[in-house]
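Values quoted throughout were computed directly from the atomic coordinates according to the rules given, and no laboratory measurement underlies them. Being a predicted model, the structure only gives us computed values, none of them experimental. FYI the Cβ positions are ideal-geometry reconstructions off the backbone, even for glycines, and counts take in every protein chain you see.
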Amino acid sequence: MSQTALNTELQNIHTNNSKTWLAGGFFLFLALIFLFTPQVTSNFSFAFYAMFWIIMASALNIMVGFTGYMPFGYVAFYGIGSYATAVCFKTFEFPIAFSIGASGLAAVLLSLLFSPILKLRSAYFAIVSLALAVVCRLVISNLPSSFAGGGQGMILASSNNPLQSYYALLVLFTVTLIFVLWLSQSRLGKMLKAIRDDAEAASVMGINVPRVRLKAWIVTALFSGLAGGIEAWYTNVVDPEASFAILISAKSIVYAMAGGFGTIIGPVLGTLVLLSIDDLIWMRFPLVNMLLLGLVIMALILFLPRGIVGSFLRRKPEWRRYVA
């Protein structure tokens, strides 16, 4: 290796380390804020859902930003996680910790069941994934009421403990962001980006495209399934319409896109900005909440098409050494 190439490689390593440390510092700052929020106020609902949507947007970014797949049926993993927790806790009377673990397992199993659709690309993948999410909702709705509550859903009143579920989500929030940080610097992350840029070229380079892509799919399902299980514990209610609502997928996509797909900080920043705007609009203008929020989202897409972080880096490319 020539001296010039060696210097370039060392510079890249230094740049990547700087990005990781800065992103990690930002994530640690957020985690500390969320850690002490219940000590400051008894109303920690906003903080809970800020963590929830950051997890959902960051997990989605693993498939979209790293791999280039847009799963409109992403809600299926959240929904199956919610129901796995509810069924294990209420029907089988398992402890809540076991029931939460079952939500992640159920989402992983569902991702394996759905894995053949990874052979599809572009709009075909998006549409088929959405269709499968609808199928999941119909299957859950038609299960016996004694097992999964039928069309009326299930109530987990005896598990009610908002503070414990809040801290459980904080743990998942922390693990999700640590994993995404690791992924951005790992060999697996580089392979996923290579597949996103050109799957055929990645295959020629010796990357096992189906296997690597499946890993991203499974991890995406795992985090969203666990988030669904913990949220079911927090709200104590699950029903087919809410658990498999396409709005779950839509919000995850919009929040991640607002920050910038393919970046580490983007989905986190996009979620915090849009969620704060949504909360502010809801308090000030409750009757036109959805209209004003829609206008804000349209403005972001029109004026910041690469998201907040992506558009900033396009205008200030010298900041790429600091922003992951």
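If eta is 1.567 mPa s and T is 4 °C, what Stokes-Einstein diffusion coefficient results for the chain, Kirkwood Rh from Cα pairs, in µm²/s? All intermediate terms of the calculation are to be shown ahead of the outcome.
Details: Rh = 20.5 Å.
The Stokes-Einstein estimate is 63 µm²/s.
Name the lysines eligible as straight-distance cross-link partners of Lys193: C-alpha to C-alpha under 30 Å, and not fewer than 8 places from it in the same chain.
Of all the lysines, those that pass the test against Lys193 - Cα under 30 Å, at least 8 places apart if same chain - are Lys19, Lys119, Lys215, Lys251, Lys316.
Using only Cα atoms, tell me the angle between helix 246-259 and the longest principal axis of the chain; keep it within 0 to 90° and round to the nearest 10.
Taking Cα atoms only, the helix is inclined about 30 degrees.
What is the extension gain from Phe303 to Asn142, computed as 0.36 nm multiplied by their sequence separation minus the C-alpha to C-alpha distance, in nm to one decimal?
53.5 nm
Convert 10 °C to kelvin, take the viscosity as 1.306 mPa s, use the Kirkwood radius over C-alpha pairs of region 179-260 as Rh, and evaluate the Stokes-Einstein diffusion coefficient in µm²/s, rounded to a whole number.
After rounding, the answer is 106 µm²/s.
For the chain, build the charge dipole from Cβ charges (+1 Lys, Arg; -1 Asp, Glu) around the Cα centre, then report which of Ser122, Ile297, Tyr78 sits farthest towards its positive end.
The one lying farthest along the dipole's positive direction is Ser122.
Using amide H atoms built in the peptide plane, which far-off residues or other-chain residues are under 5 Å from Val237 H to H?
Under 5 Å from the amide H of Val237: Leu156.
Computed on alpha carbon atoms, what radius of gyration and Dmax characterise region 65-179, expressed in Å?
Answer for region 65-179, Rg first and Dmax second: 15.7, 44 Å.
Give me, ordered by chain and number, the residues 5 or more places off Phe94 or on other chains with an amide H under 5 Å from its own placed amide H.
Phe89
Taking the Cα of Tyr167, stepping 7 Å toward and past its beta carbon, and measuring to each backbone N in region 23-65: which are under 17 Å?
31-45, 48
What is the P(r) of region 25-109, as percent of Cα-Cα pairs per 5 Å bin from 0?
Going out from 0 Å in 5 Å bins, region 25-109 shows 3, 12, 16, 17, 17, 19, 12, 4, 0 percent.
So what's region 161-206 giving for Cα Rg divided by 2.2 N^0.38 Å, two decimals? Can you show the working numbers first?
Numbers: Rg = 16.6 Å, N = 46, 2.2 N^0.38 = 9.4 Å.
Its radius of gyration relative to the 2.2 N^0.38 Å reference: 1.76.
Using a 7 Å offset from Cα along Cα-Cβ at Leu112, what residues in region 118-147 end up with backbone N under 18 Å from the label point?
Answer for this model: 118-119.
Take Ala97 and Phe46, extend 7 Å from each Cα along the Cα→Cβ direction, and tell me the distance between the two endpoints in nm.
In this crude label model, Ala97 to Phe46 measures out at 3.3 nm.
With axes computed from alpha carbons, what is the tilt in degrees of helix 187-197 against the longest principal axis of the chain, rounded to the nearest 10 within 0 to 90?
90 degrees
Grab the eigenvalues of the alpha-carbon gyration tensor for region 224-310, scale each by 5, take roots, and send me the semi-axes largest first in whole angstrom.
Value: 24, 18, 11 Å, ordered largest first.
Rounded to the nearest 0.05, what FRET efficiency is calculated for Asn208 and Leu22 with R0 set to 25 Å and r the Cβ-Cβ distance?
On the way: r = 32 Å, r/R0 = 1.30.
With R0 = 25 Å, the Cβ-Cβ based efficiency is 0.15.
Under a Cβ-only charge scheme (Lys and Arg +1, Asp and Glu -1), can you give me the dipole magnitude of the chain about the Cα centre, in debye to the nearest 20?
Working: 20 positive and 11 negative charges, 175 e Å.
The dipole magnitude comes to about 840 debye.
Let me understand region 90-140 better: what is its radius of gyration from the alpha carbons, and its Dmax, in angstrom?
14.2, 42
Among Leu188, Gln164, Ala245, pick out the residue whose Cα is farthest towards the positive end of the charge dipole of region 9-247, where Lys and Arg carry +1 and Asp and Glu carry -1 on C-beta, about the Cα centre.
Leu188
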